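Peer 1: Before anything else, here's the structure in question.
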Amino acid sequence: MATTVDARGLACPQPVIQTRKAMQGADQIVTLVDSETSLTNVTRMAEKAGWQVSVVPEGEEFRIAVSYTHL
């Protein structure tokens, strides 16, 4: 079950901070954002941490699915 972070309406760096915090306790996170800046920053942070990222545009918002696969 994925943890959901609703970061819509929040200015950066809050979406990144909230997603990073969620990453400490879950292997799958879905972050909801409503700006391309937040999308870019959350995606960059997760990929740098070695997580897989996929993005689904939903109207003017974005659903960022972040998952970590243990080897």
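The values are calculated or read from the model by the stated rules, or taken from the named source; none is laboratory data. Not measured: the values here are computed from a predicted model. All Cβ positions, even for glycine, are placed from backbone atoms using ideal geometry, and neighbour counts span all protein chains on display. Only protein heavy atoms, including side chains, enter the accessible area calculation; ligands, DNA and RNA are left aside. Shrake-Rupley method; radii C 1.70, N 1.55, O 1.52, S 1.80 Å.
Peer 1: What does the accessible area per residue of region 25-71 come to in Å², with a 1.4 Å probe and no ligands, DNA or RNA counted?
Peer 2: On the way: 2890 Å² over 47 residues.
Averaged over the residues of region 25-71, the accessible area is 61 Å².
Peer 1: May I pose another question? If you stretched the chain out fully between Thr4 and Asp27, how much longer would it get, using 0.36 nm times the residue separation minus the C-alpha to C-alpha distance?
Peer 2: Numbers: separation 23, 0.36 × 23 = 8.28 nm, distance 1.16 nm.
Value of the extension gain: 7.1 nm.
Peer 1: At most 12 other Cβ atoms within 10 Å and a DSSP loop assignment: could you name the GluC sites (Glu not before Pro) in the chain that fit? Please list the in-between numbers first.
Peer 2: On the way: sites: Glu36, Glu47, Glu58, Glu60, Glu61; in loops: Glu60.
Answer in residue order: Glu60.
Peer 1: What span do the alpha-carbon atoms of the chain cover on each of the three principal axes, reported in whole Å from largest to smallest?
Peer 2: So the three principal-axis extents are 35, 21, 20 Å.
Peer 1: Give me the percent of accessible area attributable to carbon and sulfur for the chain, probe 1.4 angstrom. Walk me through the numbers on the way to the answer.
Peer 2: Numbers: 2250 of 4510 Å².
About 50 percent, which is the carbon plus sulfur part of the accessible surface.
Peer 1: Right, here's the next one. Roughly what angle does helix 36-48 make with the longest principal axis of the chain, taking Cα atoms, 0 to 90 degrees, to the nearest 10?
Peer 2: Helix 36-48 sits at roughly 10 degrees to that axis.
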